[in-house]
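Trainee: The structure that follows is given in the form of C-alpha cells.
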Amino acid sequence: STAQIGVTGLAVMGRNLARNLARNGFTVAVHNRSPERTRSLVAEHGDEGRFVPGESMADFVASLERPRAVIVMVKAGAPTDAVIDELVPLLDPGDIVVDCGNAHFADTRRREEALREHGLHFVGTGVSGGEEGALHGPSIMPGGSAESYRKLGPIFEKIAAQVDGVPCCRHIGPDGAGHFVKMVHNGIEYADMQLIAEAYDLLRAGLGAEPAEIAEIFRTWNGGELESFLIEITADVLAHTDAATGRPFVDLVQDRAEQKGTGRWTVQSALDLGIPITGIAEATFARSLSGHVDQREAARRAFADAGTKWQVDDRDAFVEDVRRALLASKIVAYAQGFDHIRAGSQEYDWNIDLGGTATIWRGGCIIRARFLDRIRQAYDEQPDLPTLLVAPWFADTVGAGVPSWRRVVADAARAGVPIPAFASSLSYFDALRAERLPAALIQGLRDNFGAHTYQRVDREGTFHTLWAGDRTEVEA
Ligand code: NDP
C-alpha cells in the first residue's frame, strides 16, 4: 500500500485529475470499470508521475495507504451509487470516499449519512473548471467532515488553481456543503453569461455594430472592473470569423442555448429556501425560451413590427451606459447567489464562510474574476452583511450606475430588445430599496378571498376584516 490517494473513473475528468495529482508529486492509485482506460492512462502519461494501476476495485483499494482516500469521478447519479456500493465493503472505518462528480447536494447528504454509519467519511466535492481545470488546477469545493479535510486539504490545495499564492480550495462545510456551493457557482455562471449575452445584444441593436467591433468593446471592458475570464472569451468568440463562409462565427451558430441542469437545480433550491435569485432564474428561463423554436417562429410572424427602431446618438455614452448596467446587474446576481449560499448554510447548519467562498472562485473556474476580491473584502469587513449590495464598494458602484441602468433598460424596452436579466435585476434593486411594497395589497387580497389575515403598520397583532359582512376588523 503505497498510493496516497486513488481515483476511480478515468474518463476525461478523472484522467486529468489523476494526472494533476501525479504531476504534483502524489502517488496515485488509478482504476476504471473498464480497464482499457486505466491502461491507456498509464501508457500515455505514466512518465508524468507515480501511478499505481489497479485492474480490480480490490487491487485498487489494496494499493492505498491508510486512512485510504478514494476519489470517485464517474457519471453522476446511479453510477456513483453503484461505485460507492462496490467500494464500501472494501474499506475500513476512517477511510474517505470523495465524490468529485456533479452530484446534487441532496444526494450527497444522503450518501454522507449512509457512509457515516459505516464509520466512513463521505466528501462531496465540487470541482469547477472542466477538463482543463482538472488537469492544470481547478477550483475545488470539498464538503464532508473537518477530519477528512485534514487528510485531503494538503493534497487538494496543492493541485488547485493558485491566485496570489492562495489555493482555490478550502473546506466549505459538512456533508453536502461543497456540492451546494458548486451548484450555486454554476447558477451564477448562468447569470453571468446571460448578462454578457444581453450586453452584446444591446450593443448590436443600439450601435448597429458588427460582432468584431463589439469584441473590441469587451476587450476594453476586460481592462477594468469587469475583468474576468468570461468577458475575455466573449471578446474572443465575437472576434472569430467562420473559415467556411467568412462571416462572423456568432451569426452562424443556432440561437438555442443548452443546459445540463445545474441552473435548474439552483433555482429549485432557491424556491425551496425562499431566496429570490431572479438573475439566475431569468438566465435559466432564457435558455429554455431560446429552445422553444415553434413558439418563437409563431410569435415572430404575429408581431414582426412590435419593436421600434433604435437610434443611439452618442455612441461612447451608450457603450458606457451598457457597461455600468452590466456591472450593476452582475452585482445583483452575485448578491443573490451569496444570499442563496447563506440561506443554505443556515438551513443545513453548514457554517459556510461567504468571503472564503469568493476567494476560491478567483481561479480555476469559469466565473473567475477580479470582482471576487471585492466580495471577500466585503464579508471580511462585515460578516453579517444583509446584502452584498450595501457593502461600500458595491453600493458606490451600483449607485453610480443607476442612471445608466435605467436608460439602458428603458431604451431596450422601447426598441423591443429582450433583456430579461438586466430588467429583472433593476426591478429587484428597486424592490429592495422601496419605501413601501405593493405586498400590502397582496395581503389585503389574501385576507379578502381566503381570510389569510394581515398585520398592521400601526398596531401589534394579527387581524382579519369581515369582508362579506359589515367590514369590521377583528383580531385573529
Ligand atoms: P462521464 O460523466 O462521461 O462518465 C464516464 C465515467 O463513468 C467512466 O469512467 C465510466 O466507466 C464511469 N461509469 C459510468 N457508469 C458506471 C458504472 N455504473 N459503474 C462504474 N463506472 C461507471 O465522465 P466525465 O469524466 O466527463 O465526468 C465525470 C464526472 O465529473 C461526472 O459526474 C460529471 O458530471 C463531472 N464533470 C464535471 C465537469 C466539471 O467541469 N467539473 C465537467 C465534466 C464532468 P467506463 O469507462 O467503464 O464506462
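Trainee: Excluding ligands, DNA and RNA, what is the solvent-accessible area per residue of the chain at a probe of 1.4 Å, expressed in Å²?
Mentor: Here the residues of the chain average 47 Å² of exposed surface.
Trainee: Taking +1 at the Cβ of each Lys and Arg and -1 at the Cβ of each Asp and Glu, which of LEU289, ILE196, VAL12 sits farthest along the dipole of the chain towards its positive end, judged by Cα position relative to the Cα centre?
Mentor: Towards the positive end, the residue furthest out is VAL12.
Trainee: Right, here's the next one. Taking the Cβ of GLY137 as the centre, find all other residues whose Cβ is under 13 Å away and add up their charges (Lys, Arg: +1; Asp, Glu: -1).
Mentor: In short, +2.
Trainee: Amide H of ALA476: which non-local residues (sequence gap of 5 or more, or other chain) have their own amide H closer than 5 Å, using H built in the peptide plane?
Mentor: When sequence neighbours closer than 5 places are left aside, the close amide H contacts are THR462, PHE463, HIS464.
Trainee: Figure the gain on full extension for GLU347 and HIS240 (residue separation times 0.36 nm, minus the Cα-Cα span) and round it to one decimal in nm.
Mentor: Stretched out fully, the GLU347 to HIS240 stretch lengthens by 34.0 nm.
Trainee: Please report, as a whole percent, how much of the solvent-accessible surface of the chain comes from carbon and sulfur atoms (probe radius 1.4 Å).
Mentor: Here it works out to 51 percent.
Trainee: Quick one: which of 411-423, 381-393, 10-22 comes out on top by average Cβ neighbours within 10 Å, and what's the full order, highest first?
Mentor: Most protected by this proxy first, the peptides run 10-22, 411-423, 381-393.
Trainee: Still on this model: Give a residue-ordered list of calculated ³J(HN,Hα) values for the range 416-426 (Karplus: 6.51 cos²θ - 1.76 cosθ + 1.60, θ = phi - 60°; whole Hz; x for Gly, Pro).
Mentor: x, 9, x, 9, x, 6, 4, 5, 6, 5, 5
Trainee: Quick one: P(r) of the range 213-369 from all Cα-Cα pairs, 10 Å bins, percents rounded to integers, in order of increasing distance.
Mentor: Calculated over all Cα pairs of the range 213-369, the distribution is 8, 24, 36, 23, 7, 1 percent.
Trainee: Counting only the heavy atoms of the protein chains, how much of THR245 is accessible to a 1.4 Å probe, in Å² to the nearest 10?
Mentor: Roll a 1.4 Å probe over it and THR245 shows about 80 Å².
Trainee: Quick one: length gained pulling ARG219 to THR2 fully straight, 0.36 nm per residue minus the C-alpha distance?
Mentor: Full extension from ARG219 to THR2 adds 73.2 nm.
Trainee: Something else about it: What trypsin sites (Lys or Arg not before Pro) in the range 345-398 are in a loop by DSSP, with at most 14 other Cβ atoms within 10 Å of the Cβ?
Mentor: Hits after loop and neighbour filter: ARG370.
Trainee: Report the local net charge at GLY25: Lys and Arg +1, Asp and Glu -1, summed over other residues whose C-beta lies under 12 Å from its C-beta.
Mentor: Spelling it out: positives minus negatives among the neighbours equals +2.
Trainee: Tell me what the chain gives for mean residue ellipticity at 222 nm when only DSSP H runs of n ≥ 4 count, each as -39,500 (n - 2.57), the sum divided by the residue total, rounded to 500 deg cm²/dmol.
Mentor: -17500 deg cm²/dmol
Trainee: Take the Cβ-Cβ distance between LEU252 and LEU90 as r, set R0 to 41 Å, and report the resulting FRET efficiency rounded to the nearest 0.05.
Mentor: So, using R0 = 41 Å, E works out to roughly 0.20.
Trainee: Apply the Karplus parameterisation 6.51 cos²θ - 1.76 cosθ + 1.60, with θ equal to phi minus 60°, to every residue of the range 171-181 and state each ³J(HN,Hα) to the nearest whole Hz, in sequence, with x for glycine and proline.
Mentor: With the stated coefficients, the range 171-181 comes to 5, 7, x, x, 5, x, 4, x, 5, 5, 5 Hz.
Trainee: If you don't mind, there's one more thing I want to ask. With both bridge residues required to lie in the chain, what share of the DSSP beta bridges run antiparallel, to the nearest 5%?
Mentor: 40 percent
Trainee: To the nearest 20 debye, what is the magnitude of the charge dipole of the range 241-325 about its Cα centre, counting +1 on the Cβ of each Lys and Arg and -1 on the Cβ of each Asp and Glu?
Mentor: The calculated dipole for the range 241-325 is roughly 280 debye.
Trainee: Another question about this same structure. Taking amide hydrogens as modeled 1.01 Å from N in the peptide plane, which residues meet the under 5 Å criterion relative to ALA69, leaving out close sequence neighbours?
Mentor: Sorted by chain and number, the residues that satisfy this are GLY6, ILE96.
Trainee: What FRET efficiency comes out for PHE463 versus LYS260 if R0 is 51 angstrom and r is the Cβ-Cβ distance? Round to the nearest 0.05.
Mentor: My answer for the efficiency is 0.60.
Trainee: When Lys and Arg each count +1 and Asp and Glu each count -1, what net charge do the other residues less than 15 Å away from ALA212, Cβ to Cβ, add up to?
Mentor: Surrounding charge for ALA212 is -3.
The values are calculated or read from the model by the stated rules, or taken from the named source; none is laboratory data. All of these numbers come straight from a predicted model, not from anything done at the bench. Because the Cβ atoms are built from the backbone with ideal geometry, glycine has one as well, and the counts that use them run over all protein chains shown. The accessibility values were calculated without ligands, DNA or RNA, using every heavy atom of the protein model including side chains. Shrake-Rupley method; radii C 1.70, N 1.55, O 1.52, S 1.80 Å.
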